[in-house]
Amino acid sequence: MTSAERAAILAALNGPHVSAPTREALLARLDARYERRYFTEADFRVLRAAAVRLVPHDPDELDLTGLVDDRLHAGRTDGWRYAAAPPDGEAYRALLASLPADFAALDDCAQDDALRAAQGAHPHAFEDLLAELTEGFMAHPLTAYRFGYAGFMDVPGWQVAPDAFEEREVTYGP
Amino acid sequence: MAPERTGPVNAALPDLRDLDVLVIGTGAGGAPLLARLASAGLRVAALEAGVRHPPSGIATDEVAQAGLFWMDERLSAGGDPVGFGRNNSGRGVGGSTLHYTAYTPRAHPDDFTLHSDTGQGVDWPLTYADLAPYYDEVETFIGVSGPAEYPWGGERSGPYPHPPLPVNGAGLLMERACAEVGIRTSPAANAALSRPQEQEGFGLRPACSNRGFCQAGCSTGAKASLDVTFLALAEARGAVIVDGAQVVALLTEGGRVTGARFVRGGREETLHAGTVVLAAGAVETPRLLLMQGLANSSGQVGRNFMAHVGVQVWGLVDEDLRPYRGIPGGLISEDTHRIPGVIGGYLLQSLGVMPVTYATQFARGTGTWGAALTEHLRQYRHVAGINVLGDCLPYGHNYLELSAEPDARGLPKPRVHFTFGENERRMAAHAETLMRDLWARAGARDVWALPRAAHTLGTARMGHDPRGSVVDPWGRAHDTPGLWICDNSTFPSALAVNPALTQMALSLRTADALLSDLRPQQVTA
């Protein structure tokens, strides 16, 4: 995240168009980092490398792997799982175990080949992990800024016609 | 995922002895009834597993709003496993209406007579005419916005109380494409206000600001979730709502249900009442009953689980639509209410979408990952959606059972088996073909379809025959004195419309029946 990006995001979040609960949630997320507590160091390293291939991002900017680890450590769920699949943590461990031990050191092509095989062999765990990483990615204020998404600046509201914009909608983003 | 937000759980319970009625659940089943009973002067209280989520605390952020959903793990089995959590559940004072889209189409007269008309499915033990006065009352009270003349369905006694809400980008595209193929469209009926309305117990609800995050909670009170409508009225009329109260068992005495045991703030408590109304929804209601083997002499508890056919079709368009703006579904067509070769039919709605919901559905639905995923998501502002809501027949192979796996509270996780039947597959295929054609006409590219099941219905069906149903047509448990059920577990068939409005109407009807049972002299007078 460049200093210009950070400044633009903070200006929007602290501006008059963001409600207090929205501001609180997004400011807390902007620099959120998590200590590894659930996975082993080896598993965590594979998970982080896989996460970068699945949902391309810079782990120094977005701690998506830490988010997954933190959720599993806290025992939070998303409300359901496929009955045929083991609990999330076990399912993810099995998915990671199916990847080569030196996965993190492989080149991009070899990593993608291994992930494609894992998608076929562990479809439910792969889908759940992909969705979880995607959520973390899309919900991050930095992604919103880079995608020109201003929906969180909802005070006082929007016009809805495709050609009618508020200035803050048009100008937000790189 | 955010932890469940723990709003203020009022520390001590008020004196709740000598309750006439105890209601379990504060969603579309429990809330209207609670208000009706309180207004009639009964001593009533409701237990709600979730906490309060006042509009002023709602963030415009899907992850921060995860606390609106039932996040205790449920197990999804069968050929078309139903997702729960953020898809089909609710938790909080107001139940799933906190995050419903507030689509409020009425069921059609022929939705209640599917078996008579087709020989398949089941008939309801009541008619459209039985519900019509309650539909009128609910629409007026919660403030439904809609067109002056609605082109489909049964007779109405008058227009919608408020003019329609503005139609957003996806709606305009759908309108144009439907016109090309001769499908009629109309602004939808939606329980969000197009102009301010005074609401007893809450105050002035403002007009909708087109914020578009209805499915993550309304931050202004413009949307008619039950906390700002029927529950506000109920509390103004003396009802007590106990939030943060997870019911773990019904109390019984000599075969009669006399109250409930619940955990609140880590402590186990009990409440007794003359009558208990179970309104916990089509998953939690049968779970509670099955845990105790209650109200199940018919063997029907947990059976006939249904979920609407809910195929969505998405595409990218050149227009900068910004699908976060406006109510998600501004435009509707019910020209497909009956289609050849299929039992029942569906309605068609335009679709706005919040960013995280779209992104995770795209990832799950297409399995896309890597640069292809992020490149697609970068174009979120150009996403246009359209979907259907279709009937679903009850089947023996779709049911809820208790698993051997305990949840964090030590209760058995429910396992829900769901597989669409041949009829639903034909309906979904018909819908997908139609929507792909419409979206091609709208100029959409990268079009993809998400097969999906929406809403939880059935599992404690109503009927006249105690051998084949759990409750009678008003909600009385056939075989268990003191117990009523008032939620969408009682739906004998799915109906080809969103269930919330019908559920609210049924709730008022059940309340009237309960009142006449408790006060027979008033009925004869």
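The values are calculated or read from the model by the stated rules, or taken from the named source; none is laboratory data. Given the structure is predicted, the values throughout are model-derived calculations rather than measurements. Cβ atoms come from the backbone with ideal geometry, glycine included; neighbour counts cover every protein chain shown. These area figures cover heavy atoms from the full protein model, side chains too; ligands, DNA and RNA do not enter into them. Shrake-Rupley method; radii C 1.70, N 1.55, O 1.52, S 1.80 Å.
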- Residues in the range B:327-358 that, when all protein chains are in place, have 20 Å² or more less accessible area than the chain alone would give (probe 1.4 Å): B:P355, B:V356
- Note on the structure: Cα-Cα pairs in the range B:129-201 separated by more than 13 Å, as a whole percent of all pairs, come to 69
- DSSP-assigned coil residues among trypsin sites (Lys or Arg not before Pro) in the range A:1-71, each with at most 13 further Cβ atoms within 10 Å: A:R33, A:R37
- Task: Would you be so kind as to identify which of B:A307, B:V44, B:Q197 lies farthest towards the positive end of the dipole of the protein assembly as shown, taking Lys and Arg as +1 and Asp and Glu as -1 on Cβ and the Cα centre as origin?
- Result: B:V44
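Per residue, what volume in Å³ does the convex hull of the Cα atoms of the range B:264-369 enclose? Before the final figure, lay out the partial values.
Values: hull volume 29.7 nm³, N = 106.
Hull volume normalised by residue count: 280 Å³.
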- Query: What percent does the relative contact order of chain A come to when contacts are Cα pairs within less than 8 Å and at least six residues apart?
  - Reply: 29
- Message: From the Cα trace of the range B:228-285, what convex hull volume per residue do you get, rounded to a whole Å³?
- Response: 113
- Table column - 3J(HN,Hα) (Hz), the range B:298-310, Karplus curve with 6.51, -1.76, 1.60, x for Gly and Pro: 7, x, 8, 5, x, 7, 6, 4, 10, 9, 5, 5, x
- Item | Euclidean distance between Cα centres, the range B:68-111 to the range A:157-172, Å | 31
- Query: About its Cα centre, how strong a charge dipole does the protein assembly as shown have in debye, to the nearest 20, once Lys and Arg get +1 and Asp and Glu get -1 at the Cβ?
  - Reply: 740
- Between B:A28 and residues 5 or more places away or on another chain, the pairs with built amide H atoms under 5 Å apart involve B:S96, B:T97
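Helix-only estimate, please: 222 nm mean residue ellipticity of chain B, summing -39500 (n - 2.57) across DSSP H runs of length 4 or more and dividing by its residues, to the nearest 500.
Values: 11 runs with 125 residues, N = 525.
Calculated mean residue ellipticity at 222 nm is -7500 deg cm²/dmol.
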- Based on the Cβ-Cβ distance of B:E149 and B:L126, what FRET efficiency does E = 1/(1 + (r/R0)^6) give at R0 = 30 Å, to the nearest 0.05? 0.70
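Return the value, in Å² to the nearest 100, of accessible area buried between chains A and B (probe 1.4 Å, both sides summed). Mind showing how you got there, number by number?
Numbers: alone 9850 and 19000 Å², together 24200 Å².
Buried: approximately 4600 Å² between B and A.
So, with a 1.4 angstrom probe, what is the percent of accessible area on chain B that is carbon and sulfur? Walk me through the intermediate numbers first.
Values: 8550 of 16710 Å².
Carbon plus sulfur share of accessible area: 51 percent.
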- Please report, in debye to the nearest 20, how large the charge dipole of the range B:166-291 is about its Cα centre when each Lys and Arg carries +1 at its beta carbon and each Asp and Glu carries -1 there. 160
- Query: What do you get for Rg/Rh over the range A:8-132 if you use C-alpha atoms and the Kirkwood form of Rh?
  - Reply: 1.03
- Other-chain or far-sequence residues with amide H under 5 Å of B:K223's (modelled H): B:L193
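Relative contact order (percent) for chain B, with alpha-carbon contacts under 8 angstrom and 6 or more residues of separation?
Computed value for chain B: 22 percent relative contact order.
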- Query: Can you give the angle from 0 to 90° between the axis of helix B:355-366 and the longest principal axis of chain B, with both taken from C-alpha atoms, to the nearest 10?
  - Reply: 80
- Message: Which one, B:G78, B:F141, B:A35, is farthest towards the positive end of the dipole of the range B:1-144 when Lys and Arg carry +1 and Asp and Glu -1 on their Cβ?
- Response: B:A35
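Among rounded, prolate and oblate, which fits the range B:1-122 when a ≥ b ≥ c are the square roots of the eigenvalues of its C-alpha gyration tensor, a/c under 1.5 means rounded, and a/b larger than b/c means prolate? Before the final figure, lay out each step's value.
Details: a/c = 2.06, a/b = 1.20, b/c = 1.72.
Because a/c hits 1.5 or more and a/b fails to exceed b/c, the range B:1-122 counts as oblate.
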- Query: Taking H as built 1.01 Å from N, whose amide H comes closer than 5 Å to the amide H of B:A494, not counting residues under 5 places away?
  - Reply: B:C392
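Under a 1.4 Å probe, what is the accessible area of chain B per residue, stated in Å²?
On the way: 16710 Å² over 525 residues.
Normalised by residue count, the accessible surface of chain B is 32 Å².
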- In degrees, nearest 10, range 0 to 90: what is the angle between the Cα axis of helix B:169-181 and the longest Cα principal axis of chain B? 70
- Note the angle between two axes, namely the Cα long axis of helix B:281-292 and the longest principal axis of the Cα atoms of chain B, as a number of degrees from 0 to 90, rounded to the nearest 10. 40
- Query: Once you average over the residues of B:164-177, how many Cβ atoms of partner chains fall within 10 Å of each Cβ?
  - Reply: 2
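Cα gyration tensor of the range B:463-516, axes a ≥ b ≥ c as square roots of the eigenvalues: rounded (a/c below 1.5), prolate (a/b > b/c) or oblate?
Working: a/c = 2.49, a/b = 1.28, b/c = 1.94.
Oblate.
Chain B: D in µm²/s via Stokes-Einstein (Kirkwood Rh, Cα pairs, 20 °C, 1.002 mPa s)?
Numbers: Rh = 23.0 Å.
Stokes-Einstein gives a translational diffusion coefficient of 93 µm²/s.
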- Test assert for the range A:67-96: residues whose accessible surface shrinks by at least 50 Å² between chain alone and all chains, 1.4 Å probe, equal A:R76, A:T77, A:D78, A:G79, A:W80, A:R81, A:A83
- Part-to-part distance (alpha-carbon centres) for the range A:80-96 and the range B:447-525, which is given in Å: 36
- Message: Through the Karplus equation 6.51 cos²θ - 1.76 cosθ + 1.60, θ set to phi - 60°, convert the phi angles of the range B:80-97 into ³J(HN,Hα) values in whole Hz; use x for Gly and Pro.
- Response: 10, x, 8, x, 10, x, 6, 9, 10, 7, x, 8, x, 5, x, x, 6, 5
- Item | Binned Cα-Cα distance frequencies in the range B:87-161 - 5 Å width, integer % | 3, 13, 19, 18, 17, 18, 10, 1, 0
- Message: Binning at 10 angstrom from zero up to the longest distance, how are the C-alpha pair distances of the range B:265-308 distributed in percent?
- Response: 21, 46, 25, 7
- Stick to the Cα atoms of the protein assembly as shown, pair each with every other, and give me the Kirkwood hydrodynamic radius in Å at one decimal. 25.7
- Item | Positive-end residue of B:T433, B:A444, B:P481, charge dipole of the range B:426-487 with Cβ unit charges | B:A444
- Over the range B:48-101, relative contact order from alpha-carbon pairs under 8 Å, at least 6 apart, %: 44
